[in-house]
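Here is the structure we will look at, set down as structure tokens.
The values are calculated or read from the model by the stated rules, or taken from the named source; none is laboratory data. Note that the structure is a prediction, hence the values are computed from the model and not measured. Because the Cβ atoms are built from the backbone with ideal geometry, glycine has one as well, and the counts that use them run over all protein chains shown.
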């Protein structure tokens, strides 16, 4: 994610400049041609099988040439910017440091995540993707790949090193057939060879997918490296106000008349004289005013290195009419060999109004110092305006419980309030050893000038491609200044292979924790009922198992009810004779004239068809069910620990049981078609190559046909892949022609997908209560 831009135009000019000294070139010495065969793998991604490169002085004359070549082969969001040893401890910066026959990791930043090379050398298998593979060839035009262009959009293209030369183009399917076709098109538009693309902050754009997911502007270059400049897209793409920002901060107005006001500022930044206080990164500044914010303004010069130890660098910038200044944000791109920076102070002069502002900083902006942030916000004291405090927000991010819900991608967040926004911040430092694991809540600290009442966040990650996404449950932000808590409910995938394919979500706040909890519970209940409702179809025969008593509910001929029956007890079977939504009537299979009923808060047997026999089924997150009176809401079927009927006022809460595990009889009939679910919306799915995934969709690809071998043993054949059967062998779950019959008697064990990729391993068995019959599924 990039900084959220505004509508004002921004320029930067160096006040004074000196001649730039040409960098000396070393004379090349002819060496014998020696080829090195080297393997490169993707940082943090054991699914990537690696690429082999033959390296010699003829193929790659510079280290940058190697990085450019790898950017087209290793799928990273911003290209290959860093090469390191397999454990990520040492960075490689020269071709001479690469050793023949060795393996290295590629990443787009200095942060490297180690990879198990033995696992990565084994080519990726289908179960590593959260999207099941099709067994039939698609006919007709192929659908757009995730992240590819679905509708025309506008893009501004700048010439490298010359921000004044720009072209606005429209991305459509004709010019985006491939990355090579797009570069050829840009060569015609820019009237010069275009072989590389960069983002406006210098990050490489290595693919067509990255172009489409960009912020709306790219820098077109030939073979030369990126040249910094004020590549401002505000005047060409954006509306009159920051999207989504409160009108109290960014009111409507005449955008044209405001943009004509110059808004000239002089900016002086002093770097501390501490050891290694200077930086190799690109520094930017954003000014926030009463009307709007400026764009990120990159501060650069032409007379040597900027922002070095003990130096003061002065610039003039033009930001348009932002109104009364109330805060600034300063940061850098965390690039180069020594990106860490210690800023001493910042001075601002409003050249139009003649006002001066002095901001003492004395802070590190570095990943390896203080809190690891590379941008800081500071309030500005303006006469007649209240000064806003700097607040450290607590951000709690909950990853969902689905298999494959976690992610190793970088996650970014932008928080919006009535007094501005935080800009894009990476969430990377929490108390957890590994962030964003399945079912885990990660806590982060986010420092910003106080935003007032929060109302929105934008959250995203850089995991491109299906199966590299993330299932976000919710985000809770605590404001220590006001002691308010804001909940942003999501409960959706951010995955290009799931849901709507988006990896960016815009979420709105609920500042009432009770309402937020109710909303979350209601969504989970609906999901659970959608997965469990098949059990209560008219004509099904059910058993209700009580975990507290260890027995089954049974209805006796004298109309008494208990919960201590055996599984084979004939009085423990009930037929669904009425179904409307989640309201059912459960008639005794043995005693056709009696049904379960709730009378004065106690369960009993009554003649079928009366209002007391209508039960509302309330599905619980643990897949159990409550049976509530449809006539008198709140009256539930309850038993004590001895299996006797009771109500809530008769015993202590620990001695009562309201939840029942529902079993459906006759599901595993010969030739029946079933689903073997691993979660509310995922199922066991056999791939064409015989591997199994636990994160298959609830679709025909996950259907299994039952083959009865005997009364206790059956086999499961994939409906989509005929003659391939479910098999358990050496602790692994897969499929093959020679299958192993499975018993469905006794205590079932578990099929356990791993939290990261859904591979099935560990103990063997099936969630029998998760089965779905073939009726109504096709």
Residue identified as under 18 Å from residue 618 (Cα atoms), crowded, with 17+ Cβ neighbours inside 10 Å and modelled with pLDDT of 95 or more among 574, 552: 574
Per the filter on segment 219-229, residues touching a helix residue (DSSP H, G or I) at 6+ places or on another chain (Cβ under 8 Å) and surrounded by fewer than 22 Cβ atoms within 10 Å (Cβ to Cβ) are 225
Unique match (being at pLDDT below 80 and at positive phi) among 79, 101: 79
Would you be able to say whether some residue in segment 522-540 is assigned to a strand (DSSP E or B) and surrounded by fewer than 18 Cβ atoms within 10 Å (Cβ to Cβ)? no
Could you figure out which of (1) under 14 Å from the mean Cα position of the chain (by Cα); (2) surrounded by fewer than 20 Cβ atoms within 10 Å (Cβ to Cβ) isn't true of residue 482? (1)
In this structure, is residue 671 surrounded by fewer than 19 Cβ atoms within 10 Å (Cβ to Cβ), at pLDDT below 85 and assigned to a loop (DSSP other than H, G, I, E, B)? no
If residue 552 passes every condition in (1) part of a loop (DSSP other than H, G, I, E, B); (2) free of Cβ contacts under 8 Å to residues at least 60 places away in the same chain but one, which one does it miss? (1)
Restricting attention to segment 698-720, which residues are over 26 Å from residue 679 (Cβ atoms), in a loop (DSSP other than H, G, I, E, B) and in contact (Cβ under 8 Å) with a residue 24 or more places away in the chain? 709, 712
Residues being on the phi < 0 side of the Ramachandran plot and without any contact (Cβ under 8 Å) to a residue 12 or more places away in the chain - total across segment 375-432: 4
